[in-house]
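Working notes, structure below.
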Amino acid sequence: MITLYGIPNCDTVKKARNWLTERGVEYQFHDFKKQGVPTNLLPNWIKTVGLDKLINRKGPTWRKLDATQQASVVDAASATALMLAHSSVIKRPVAVWSNGTVTVGFDPERFALRLSS
């Protein structure tokens, strides 16, 4: 089973969900706003994809942080604290595939490759 993590009103999450649904792919959706950020999974996400990919430094949530808050994100612990406080700073969607691999963002070609392997 695939689990897609994100925020339902995010355009990229909507695209990913629609893409999966159109292909009849079963998945679970985890809403950061309603269900929170899964703290037990963050360490693996950080290890697997890296902070640079996981934290959306171009999005509005990041831009609204003051320079001190932005500069304080220097390691896994500080990044985790930020993601727990501001779930919208996490690049979306985070997909945990049935084989346990983790990807961030949506690319139809990459999703198709994941499903075919």
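What do you reckon, is Ser98 more than 23 Å from Thr39 (Cβ to Cβ), among the polar types (S, T, N, Q) and at pLDDT below 95? The answer is no for Ser98. Scanning segment 2-24 for residues being β-branched (Val, Ile, Thr) and under 17 Å from Val102 (Cβ atoms) gives a total of 4.
The values are calculated or read from the model by the stated rules, or taken from the named source; none is laboratory data. This structure is a prediction, so every number in the text was calculated from the model and none was measured. Every residue, glycine among them, receives a Cβ derived from its backbone with ideal geometry; neighbour counts consider all protein chains shown.
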